[in-house]
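The values are calculated or read from the model by the stated rules, or taken from the named source; none is laboratory data. Not measured: the values here are computed from a predicted model. Cβ: placed from backbone, ideal geometry, glycine included. Neighbour counts: every protein chain shown.
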Amino acid sequence: MIRVTVEFLGLPNAAKLAGGRSLPLDVDGGTVADAVRALAARGGDGLRRFLLDDQGRLDLSFQIVHNNRDWLRRDQLDRPLGEGDVLAITMLVGGG
């Protein structure tokens, strides 16, 4: 088990459901996807419905920033985590 920090950027509803804008999270397994599942389980049905799609994957409207430098797409959530890593969850913004 490792401990990471999860932050919600511009997501006050998610932060309320999770219990804070920045929170420690113990993760079984060692990937970003494992952390997303652990976060959804910790937050109950409300947070799970907010963050995950019908297949239990991170909804396409969200993006995760790993350690304040790497923006991860949903297909990159198999990235390994280390003790003390920071995952920031934010809305995916598009435009043109």
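Could you list, in sequence order, all residues of region 58-96 that are within 13 Å of the chain's Cα centre (by Cα), at pLDDT 90 or above and basic (Lys, Arg)? Answer for region 58-96, where residues must be within 13 Å of the chain's Cα centre (by Cα), at pLDDT 90 or above and basic (Lys, Arg): just 79.
Scan region 10-66 for residues that are basic (Lys, Arg), more than 19 Å from residue 79 (Cβ to Cβ) and in contact (Cβ under 8 Å) with a residue 12 or more places away in the chain and jot them down. Steps first, please.
Step one: filter region 10-66 for residues basic (Lys, Arg), giving 16, 21, 37, 42, 48-49, 57.
From the residues that got through so far, the ones that are more than 19 Å from residue 79 (Cβ to Cβ) too are 16, 21, 42, 48-49.
Those that are basic (Lys, Arg), more than 19 Å from residue 79 (Cβ to Cβ) and in contact (Cβ under 8 Å) with a residue 12 or more places away in the chain: 21, 42.
For region 34-50, a residue qualifies if it is under 16 Å from residue 5 (Cα atoms) and either charged (D, E, K, R) or over 8 Å from the mean Cα position of the chain (by Cα) (or both), and the qualifying residues are 34, 37, 38, 40, 41, 42, 43. Residues that are part of a strand (DSSP E or B), without any contact (Cβ under 8 Å) to a residue 12 or more places away in the chain and among the charged types (D, E, K, R) occur in region 69-76; there is at least one. Of the residues making up region 40-64, those that are in contact with a helix residue (DSSP H, G or I) (Cβ under 8 Å, 6 or more places away or on another chain) and closer than 14 Å to residue 16 by Cα are 40, 42, 43, 44, 46, 47, 48, 50, 51.
Assigned to a loop (DSSP other than H, G, I, E, B), over 15 Å from residue 91 (Cα atoms) and at pLDDT 90 or above - does that describe any residue in region 36-54? Full working, then the answer.
If we filter region 36-54 for residues that are assigned to a loop (DSSP other than H, G, I, E, B), which is where we start, we get 53-54.
So of that shortlist, the ones also over 15 Å from residue 91 (Cα atoms) come out as 54.
Going one step further and asking which of them are at pLDDT 90 or above, we end up with 54.
The answer is yes, given that some residue of region 36-54 is assigned to a loop (DSSP other than H, G, I, E, B), over 15 Å from residue 91 (Cα atoms) and at pLDDT 90 or above.
Residues in region 21-34 that are closer than 18 Å to residue 91 by Cβ and either not in a strand (DSSP E or B) or not hydroxyl-bearing (Ser, Thr, Tyr) (or both): 21, 32.
When you check residue 82 against the structure, is it surrounded by fewer than 19 Cβ atoms within 10 Å (Cβ to Cβ) and assigned to a loop (DSSP other than H, G, I, E, B), yes or no?
Working: surrounded by fewer than 19 Cβ atoms within 10 Å (Cβ to Cβ): yes; assigned to a loop (DSSP other than H, G, I, E, B): yes.
Here the answer is yes, as residue 82 does meet what is asked.
Only one of 17, 9 is over 13 Å from residue 64 (Cβ atoms) and either buried (at least 16 other Cβ atoms within 10 Å of the Cβ) or hydrophobic (A, V, I, L, M, F, W, C) (or both). Can you tell me which? So that I can check it myself, show each step before the final result.
Numbers: 9 fails: over 13 Å from residue 64 (Cβ atoms).
Within the list 17, 9, the selection yields 17.
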